[in-house]
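S.K.: Pasting a structure here, questions to come.
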Amino acid sequence: MEPIKSLKQIKKVTTEYFTAAHMARQNNKKVVYCNVFTPVEMLYALDMFPVYPENHAAIVGARKMAAEVSAAAEGMGYSMDLCSYARCDLGSIKAGISPTWGLPKPDLILVSNCQCGTLTKWFEVLGRMYSAPMILIDVPHSDDGAADIEAEKYVRAQLVDLMGRLEEMTGRKLDEAMFKETIRLSGEASDLWTRMLELGMKRPAPITVFDQFIAMFPMVSQRGTQIAVDFYSGLIDELEERSAAGISAVKNEKYRLFWDNLPIWPELGRLSTFLGDRGAALVTSIYTWAWSKLAVSQDDPLTDWTKQYLYTFNLHFKSRVDNYVDLARNYQLDGFLYHSNRSCKWISQDVQEVRAAVTEITGIPGVIIEADQNDTRQYSVETLEKQIDNFLDMLRKG
Amino acid sequence: MTSGDPWKPFQDIINDQWQEARRFKESAAGVVIGHLAPDVPEEILHASGAFPVSIEGASSAVSMAQAHIPGYTCSHVMGTLDLGLSGKLDIIDALVIPYVCDSTRNLSHLWKRLFPDKPSELLRLPKRLEFEGARDYLITEYRRLYEWACGLTGNLPDTERLAESLKLYEKSRALLRRAFLKHRSSPDVWTVTLLRSLFVSASRSDRSKHLEWMKALPWDCPENTESDLAAVYLKGKVWDPPQLSGIMDELGMCLAEDETAAGHRAVMVEGVTNGDPFEALADRSLATIPYTGYHVEPTGLVNGFLERVKKSQASGVILLNPKFCEAAAFDTPDFVNALKNESIPNLVLETSARSFSVGQLKLRLEAFREMLGMEM
Ligand code: SF4
Ligand code: SF4
């Protein structure tokens, strides 16, 4: 198939980002390690530079360097059972091997645990390694997703505290105009990202989840900048043109599938070809949808972040199932591919029951494949392909 | 009261975990609430009129849970699910799961789906212990837990009653603290296994009875300051595998400190019994050595641990790491490095009920014991 031209820019965007990250200190910007579910817009408004160790780890995985650098982390005493993002990041530091020339040292480490608890522990290791101060935004899990007013107070108070501490650290007041502008740019990028995801609803789909994984970088690392907005505007224009011209992402699209969990980064190309050859299009996934809900209002962003962290990104069982059921309808899915990801216990431990619940409601089958987002030693790609093939066969036979 | 062997009541409960819960159920037709370690305040469940009982999934064999949760899950969570699926938790009416890590939170999801008739509550323990709002949030969580438990027993929440329960548990904790000191001064009589039996049985018994039984223990036995047992510092989630205490006794080891989640760590802090009981519980919890799933300033975490080890005068440290426990395994390398820098011998045991061999464990502990012998 004809590749999506806009995706070629990703290399340039990535290179420029990491160059800027390495230059940040020289440009008098403080470097902040963070995860996506933190208010990076505050950092920009204080002229700080956000850096995402998870992103670095994903690039290590996609470049098939995970086995080598993970081994270095294991040599440091980090068990092979731990999240491979963490092992790749720590191992990359130890071995001095990195596709991005490493990461600049942090002045601050900022993390929220509405994602997973692993990230906190991994970042604690980085905090000790670099003697950098660390701030956790602690987000209680309300189990079934019901409103928890006390938790809202607790999380919001931490965001207020964060703003004060960042101001103290930088010695400047948050630039209100810049804050609002960054929030606006974040919202715009998030909306564009959502539009791009929705294009996958078209039949045939003009973009697959594999392309979205590649396109993710600006959304994750450059939310709040014009770069992300420009990139997604261009991508959407191209996808709309392709769609109008009848160009589909997968030739002779026969099966429309959902991808659960993180990608298997080292196998993106291989699995994309494998599925494409069989007329199977991955049209949507939970992972790419996660970045679609990052917009907050300019009037009361702290309250919006509080609610997002508590109720949107906190992966409650029921809302996850409801979400999959909606996606099945909106994307006219034929099947679900569930990646049981050894690295990410947070997303994976519910997967057997999520599959059962979704199939109970929709009647749409799903297959669970056990692999790892980065560590090629933890799975056999041939076995994965065989499992997927059997599943497609089952779909074909109806 | 018991006559004869004063340790027997505790041993009986070790042998039959549900003995006391069953008695309670038969006599009072009451509500039995199971809970998982760590840091579930049993006095809240007790004050609701329920019988709180601790569940240790870690040491159970797993045969049914794999159909519902991936194999790369710690034994504590997998074992608990398996106990439920195999009907071994039929005696409990409800379950409290403390939110200490991703696995416990996922267990809560799965429990709700698989056991819709056995209510469960995820106790949302705050992780950012050094943030002042954590205390307020913890207090509201305790209040919520109390209301939930009272909803099950049909009693009205009553702060006076909770204060009474708190007093009872404080007395129990005080005696357990004394027992730990006794173990340190007379380790050849108050062996590791016997000491363990007191701690484990406490969370499976009626606390008033447990207190009475404890009073009959040989508190007057002479001190043995000449003991040549090697005192070790133990850190980890639970005493997994349970055979560990017997092997330690056999190899001539005793405890300089027990920092396991529900071990001496859980009773170490003396709480107050006047004032608001929810506040007292929160203050006690926040003053307790943080469990591995919580967050404190990272360098302070390691330094604090090292200081405690040094203060305990342990000859060595055993780190019990449950296999697949992300929370513990990220801390371990820096703990080990800190110990190495101080030339403190240490042993990391990766434990799992699914891949466990007593023989192998013993071999490793023997080698460790020999090493400690050389250090002494
Ligand atoms: S892969 Fe999963 S466990 Fe690892 S950092 Fe990401 S969310 Fe956390
Ligand atoms: S903290 Fe570790 S041992 Fe405890 S439940 Fe979580 S993963 Fe299992």
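The values are calculated or read from the model by the stated rules, or taken from the named source; none is laboratory data. What you see is a predicted model; the values in this text were computed from it and never measured. Here the Cβ is made from the backbone with ideal geometry for all residues, glycine too, and neighbour counts use every protein chain on show. Please note that ligands, DNA and RNA were not included when accessible areas were found on the heavy atoms of the full protein model with its side chains. Shrake-Rupley method; radii C 1.70, N 1.55, O 1.52, S 1.80 Å.
S.K.: Of (1) open to solvent by less than 40 Å² (accessible area, probe 1.4 Å); (2) under 29 Å from B:Glu366 (Cα atoms); (3) assigned to a loop (DSSP other than H, G, I, E, B), B:Arg204 satisfies all except one. Which?
M.R.: That leaves (2) as the condition not met.
S.K.: Turning to a different aspect of this structure: Considering only residues of segment A:11-23 that are among the aliphatic types (A, V, I, L, M) and open to solvent by less than 20 Å² (accessible area, probe 1.4 Å), which is nearest to the chain's Cα centre (by Cα)?
M.R.: A:Val13
S.K.: Residues being touching a residue at least 40 places away in the same chain (Cβ under 8 Å) and either more than 9 Å from every other protein chain (Cβ to nearest Cβ) or not in a helix (DSSP H, G or I) (or both): count how many of those fall in segment B:127-138.
M.R.: Residues in segment B:127-138 being touching a residue at least 40 places away in the same chain (Cβ under 8 Å) and either more than 9 Å from every other protein chain (Cβ to nearest Cβ) or not in a helix (DSSP H, G or I) (or both): 6 in total.
S.K.: If you take the residues of segment B:68-88 that are over 19 Å from B:Gly34 (Cα atoms) and open to solvent by 30 Å² or more (accessible area, probe 1.4 Å), which of them is nearest to ligand 1 (Cβ to nearest atom)?
M.R.: Filtering segment B:68-88 for residues that are over 19 Å from B:Gly34 (Cα atoms) and open to solvent by 30 Å² or more (accessible area, probe 1.4 Å), the one nearest to ligand 1 (Cβ to nearest atom) comes out as B:Gly71.
S.K.: Taking the options A:Ile347, A:Ile361, name whichever one is open to solvent by 30 Å² or more (accessible area, probe 1.4 Å) and within 14 Å of another protein chain (Cβ to nearest Cβ).
M.R.: Among A:Ile347, A:Ile361, only A:Ile361 is open to solvent by 30 Å² or more (accessible area, probe 1.4 Å) and within 14 Å of another protein chain (Cβ to nearest Cβ).
S.K.: Give the residue, chosen from B:Ala262, B:Ala266, B:Ala327, that is within 16 Å of ligand 1 (Cβ to nearest atom) and within 22 Å of the chain's Cα centre (by Cα).
M.R.: Only one candidate qualifies: B:Ala327.
S.K.: Could you please let me know if B:Val77 is among the β-branched types (Val, Ile, Thr) and either at pLDDT 95 or above or part of a helix (DSSP H, G or I) (or both)?
M.R.: For B:Val77, the condition - among the β-branched types (Val, Ile, Thr) and either at pLDDT 95 or above or part of a helix (DSSP H, G or I) (or both) - is met.
S.K.: Okay, next question. Say whether the condition of being modelled with pLDDT of 95 or more, crowded, with 23+ Cβ neighbours inside 10 Å and in contact with a Leu (Cβ under 7 Å, 6 or more places away or on another chain) is met by at least one residue in segment A:175-193.
M.R.: yes
S.K.: Turning to a different aspect of this structure: Looking at A:Trp305, A:Trp289 in this structure, which one is within 16 Å of ligand 1 (Cβ to nearest atom) and in contact (Cβ under 8 Å) with a residue 12 or more places away in the chain?
M.R.: It is A:Trp289.
S.K.: From the list B:Ala58, B:Ala65, pick out the single residue that is surrounded by 23 or more Cβ atoms within 10 Å (Cβ to Cβ), among the small types (Gly, Ala, Ser) and in contact (Cβ under 8 Å) with a residue 24 or more places away in the chain.
M.R.: After applying the criteria, what remains is B:Ala58.
S.K.: In addition: Conditions first: (1) more than 12 Å from chain A (Cβ to nearest Cβ); (2) within 11 Å of ligand 2 (Cβ to nearest atom); (3) under 24 Å from B:Asp206 (Cβ atoms). B:His76 passes all but one, so which condition is the exception?
M.R.: Result: B:His76 fails condition (3) only.
S.K.: I'd like to verify a number: residues in segment B:323-376 that are open to solvent by 20 Å² or more (accessible area, probe 1.4 Å) and more than 10 Å from chain A (Cβ to nearest Cβ), how many?
M.R.: 26
S.K.: Collect the residues in segment B:89-124 that are open to solvent by 10 Å² or more (accessible area, probe 1.4 Å), in contact (Cβ under 8 Å) with a residue 40 or more places away in the chain and in a loop (DSSP other than H, G, I, E, B), keeping them in residue-number order.
M.R.: B:Ile91, B:Asp93, B:Cys101
S.K.: Sticking with this one: Which condition number in (1) more than 9 Å from every other protein chain (Cβ to nearest Cβ); (2) surrounded by 15 or more Cβ atoms within 10 Å (Cβ to Cβ); (3) at pLDDT below 95 is the one that A:Thr170 fails?
M.R.: A:Thr170 satisfies all of (1) more than 9 Å from every other protein chain (Cβ to nearest Cβ); (2) surrounded by 15 or more Cβ atoms within 10 Å (Cβ to Cβ); (3) at pLDDT below 95 except (3).
S.K.: When you look at A:Ala95, is it more than 16 Å from ligand 1 (Cβ to nearest atom) and either in contact (Cβ under 8 Å) with a residue 12 or more places away in the chain or more than 14 Å from chain B (Cβ to nearest Cβ) (or both), yes or no?
M.R.: On the way: more than 16 Å from ligand 1 (Cβ to nearest atom): yes; either in contact (Cβ under 8 Å) with a residue 12 or more places away in the chain or more than 14 Å from chain B (Cβ to nearest Cβ) (or both): yes.
So A:Ala95 fits the description; yes.
S.K.: So which residues in segment A:335-380 are of a type in the set (Phe, Trp, Tyr) and more than 16 Å from ligand 2 (Cβ to nearest atom)? Spell out how you get there, then give the answer.
M.R.: Of the residues in segment A:335-380, the ones of a type in the set (Phe, Trp, Tyr) are A:336, A:338, A:346, A:379.
Listed by number, the residues that qualify are A:Phe336, A:Tyr338, A:Tyr379.
S.K.: Would you say A:Ser319 is of a type outside the set (Phe, Trp, Tyr), within 14 Å of chain B (Cβ to nearest Cβ) and either crowded, with 21+ Cβ neighbours inside 10 Å or within 16 Å of ligand 2 (Cβ to nearest atom) (or both)?
M.R.: no
S.K.: Among the listed residues A:Val209, A:Val111, A:Val160, A:Val125, which satisfies the condition of being within 14 Å of another protein chain (Cβ to nearest Cβ) and touching a strand residue (DSSP E or B) at 6+ places or on another chain (Cβ under 7 Å)?
M.R.: A:Val111
S.K.: Shifting gears a bit: Please determine whether any residue of segment A:134-155 is in contact (Cβ under 8 Å) with a residue 60 or more places away in the chain, facing chain B (nearest Cβ under 10 Å), farther than 23 Å from A:Lys29 by Cβ and part of a helix (DSSP H, G or I).
M.R.: The answer is yes; a qualifying residue exists.
S.K.: Here's something else I'd like to know. Kindly establish whether A:Leu119 is aliphatic (A, V, I, L, M), over 24 Å from A:Met23 (Cα atoms) and either more than 15 Å from ligand 1 (Cβ to nearest atom) or facing another protein chain (nearest Cβ under 7 Å) (or both).
M.R.: no
S.K.: Could you tell me whether A:Arg165 is more than 30 Å from A:Asp322 (Cβ to Cβ), over 26 Å from the mean Cα position of the chain (by Cα) and either facing chain B (nearest Cβ under 8 Å) or not in a helix (DSSP H, G or I) (or both)?
M.R.: On the way: more than 30 Å from A:Asp322 (Cβ to Cβ): yes; over 26 Å from the mean Cα position of the chain (by Cα): yes; either facing chain B (nearest Cβ under 8 Å) or not in a helix (DSSP H, G or I) (or both): no.
No.
S.K.: Being of a type in the set (A, V, I, L, M) and away from every other protein chain (no Cβ under 12 Å) is the filter; apply it to segment B:310-322 and report the residue that is nearest to ligand 2 (Cβ to nearest atom). Lay out the reasoning, then the answer.
M.R.: Of the residues in segment B:310-322, the ones of a type in the set (A, V, I, L, M) are B:314, B:317-320.
Within this subset, residues satisfying the condition of being away from every other protein chain (no Cβ under 12 Å) are B:314, B:317-318, B:320.
Details: B:Ala314: 23, B:Val317: 18, B:Ile318: 16, B:Leu320: 10 Å.
By that ranking, first place goes to B:Leu320.
S.K.: Still on this structure: Quick check, is A:Ser272 touching a Pro at 6+ places or on another chain (Cβ under 6 Å) and of a type in the set (S, T, N, Q)? Even if it seems obvious, please write down each step before you answer.
M.R.: Details: touching a Pro at 6+ places or on another chain (Cβ under 6 Å): no; of a type in the set (S, T, N, Q): yes.
In short, no.
S.K.: Next up: Tally up the residues in segment B:287-312 that are of a type in the set (Gly, Ala, Ser) and open to solvent by less than 20 Å² (accessible area, probe 1.4 Å), please.
M.R.: Of the residues in that region, 2 qualify.
S.K.: Now, a different point. Report yes if some residue within segment A:24-40 is crowded, with 24+ Cβ neighbours inside 10 Å and assigned to a helix (DSSP H, G or I); otherwise report no.
M.R.: yes
S.K.: Now for a different question. Under 6 Å between Cβ atoms, at least 6 apart or on separate chains: pull out the pairs that start in segment A:168-181 with a residue that is among the polar types (S, T, N, Q) and end on any residue that is surrounded by 15 or more Cβ atoms within 10 Å (Cβ to Cβ).
M.R.: Close Cβ pairs (under 6 Å, with a partner that is surrounded by 15 or more Cβ atoms within 10 Å (Cβ to Cβ)) amount to A:Thr170/A:Leu46.
S.K.: Are any of the residues in segment B:198-209 under 19 Å from the mean Cα position of the chain (by Cα), more than 16 Å from ligand 2 (Cβ to nearest atom) and acidic (Asp, Glu)?
M.R.: Yes - at least one qualifying residue is present in segment B:198-209.
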